Amino acid sequence: MSRILVTGSAEGLGRAAAQALLAAGYDVVVHARNQERAAVLGELADRGAQLVVGDFAERDAVRRVADELNAARPLDAVIHNAGVWSGPAVMPVNVVAPYLLTALLRGPRRLVYLSSNSHTGGRPSALDGADWQGRGSGSYADSKLFVTTLAAAVARLRPGVLSNAVDPGWVPTRMGGPSAPDDLELGHQTQQWLAVSDDPEALTSGGYWYHGRRLQPHRAVHDEAFQDRLVRALAEETGAAL
Ligand SMILES: NC(=O)c1ccc[n+]([C@@H]2O[C@H](COP(=O)([O-])OP(=O)(O)OC[C@H]3O[C@@H](n4cnc5c(N)ncnc54)[C@H](OP(=O)(O)O)[C@@H]3O)[C@@H](O)[C@H]2O)c1
């Protein structure tokens, strides 16, 4: 049975995806930023989920989580879900953490990165001087352009890995707010499907998905020169190569 890590699973879409995968019988690893937040995952742990803890705004914590997972049964898939909307943690959590995990984790053949329709407002030019260390207030749109581009870059650079990005829609989680108009259930199904399904469409790589359909992302996402610049910047910043 596939073993799947869902990052940021204390809340929202990550928690919903982890719950659904557990209910379907998969071997799930859930993740919380600290022990206090891990407490809300007790119910999932009771149902067999393994727990990892680390604040993804801190690179050393991401590295510790990767080491812990590399010492355990290998993962088959990762849903890079943890994300923040605003503040200094935007680039560290939304981009640096999924990059570092991608570089450091051994094993997973399926990688799913949470994007957003907001990525279409991201600026490729923001790559120069990007706030990787979270010193200021990062732009959510830029972060989602970068992580969507990372997904496409991984698909190109690792031909044996299925790497895709998902826009879950504007859904009513803590981040989306109570009046978000899209469907919360549909909001987590595409990432689960890409992580585990053997449908021929789910076995493709390099896509940008919304509710089970492949859409065209920002044109920078498939610009190989931009992909290479992004990957180089993240490798230099973290000291970890893809
Ligand atoms: N909701 C939407 O409308 C929407 C639309 C487009 C894209 N997305 C994307 O979907 C993903 C999930 O969003 P959501 O709506 O479920 O948001 P959410 O309800 O705010 O949940 C975010 C999750 O990420 C975790 N997280 C945040 N910062 C972290 C950190 N420093 N270390 C570890 N975990 C951290 C949170 O943990 P805590 O609970 O401890 O903070 C929580 O489990 C995000 O990547 C988001 O950008 C959401």
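Residue-wise test of (1) in contact with a strand residue (DSSP E or B) (Cβ under 6 Å, 6 or more places away or on another chain); (2) away from the ligand (no atom under 12 Å from the Cβ).
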residue	(1), (2)
Asp27	yes, yes
Arg47	no, yes
Ala71	no, yes
Asn81	yes, no
Met91	no, no
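Among the residues of segment 150-202, write down those that are among the charged types (D, E, K, R), assigned to a loop (DSSP other than H, G, I, E, B) and in contact (Cβ under 8 Å) with a residue 12 or more places away in the chain.
Within segment 150-202, the subset among the charged types (D, E, K, R) is 156, 158, 167, 174, 182-183, 185, 198-199, 201.
Keeping just the survivors that are assigned to a loop (DSSP other than H, G, I, E, B) gives 158, 174, 182-183, 198-199.
Once the filter is applied, which keeps residues that are among the charged types (D, E, K, R), assigned to a loop (DSSP other than H, G, I, E, B) and in contact (Cβ under 8 Å) with a residue 12 or more places away in the chain, segment 150-202 yields Arg158, Arg174, Asp182, Asp183.
Specify the residue that is surrounded by the fewest Cβ atoms within 10 Å (Cβ to Cβ); the eligible residues are those in segment 108-131 that are more than 11 Å from Asp167 (Cα to Cα) and under 16 Å from the mean Cα position of the chain (by Cα).
Here the residue is Arg109.
Run down Asp182, Asp167 and say which single residue is under 22 Å from Gly14 (Cα atoms), within 12 Å of the ligand (Cβ to nearest atom) and within 14 Å of the chain's Cα centre (by Cα). Quick ask: steps written out before the conclusion?
Working: Asp182 fails: within 14 Å of the chain's Cα centre (by Cα).
Going through Asp182, Asp167 in turn, the sole match is Asp167.
Can you say whether Arg135 is away from the ligand (no atom under 16 Å from the Cβ) and of a type in the set (D, E, K, R), as far as the supplied structure shows? Let's see the steps before the verdict.
Details: away from the ligand (no atom under 16 Å from the Cβ): no; of a type in the set (D, E, K, R): yes.
For Arg135, the condition - away from the ligand (no atom under 16 Å from the Cβ) and of a type in the set (D, E, K, R) - is not met.
Would you point out the residue of segment 203-230, among those that are touching a residue at least 40 places away in the same chain (Cβ under 8 Å) and among the small types (Gly, Ala, Ser), that is surrounded by the fewest Cβ atoms within 10 Å (Cβ to Cβ)?
Step by step, filter segment 203-230, then rank; the result is Gly206.
Go through segment 29-45 and give me each residue that's in contact with a strand residue (DSSP E or B) (Cβ under 7 Å, 6 or more places away or on another chain) and either aliphatic (A, V, I, L, M) or free of Cβ contacts under 8 Å to residues at least 12 places away in the same chain (or both). Talk me through it step by step, then tell me what you get.
Of the residues in segment 29-45, the ones in contact with a strand residue (DSSP E or B) (Cβ under 7 Å, 6 or more places away or on another chain) are 29-32, 34-35, 38, 41, 44-45.
Those that are in contact with a strand residue (DSSP E or B) (Cβ under 7 Å, 6 or more places away or on another chain) and either aliphatic (A, V, I, L, M) or free of Cβ contacts under 8 Å to residues at least 12 places away in the same chain (or both): Val29, Val30, Ala32, Ala38, Leu41, Leu44, Ala45.
Among (1) in a loop (DSSP other than H, G, I, E, B); (2) among the aromatic types (Phe, Trp, Tyr); (3) more than 9 Å from the ligand (Cβ to nearest atom), there is one condition Tyr99 misses while meeting the rest; what is its number?
Failed condition: (1).
Readers should treat all values here as calculations from the given coordinates under stated rules, not as data from a laboratory. Please read all numbers here as calculations on a predicted model, not as lab measurements. Methodologically, a virtual Cβ is constructed for each residue, glycine included, from the backbone with ideal geometry; neighbour enumeration extends over all protein chains shown.
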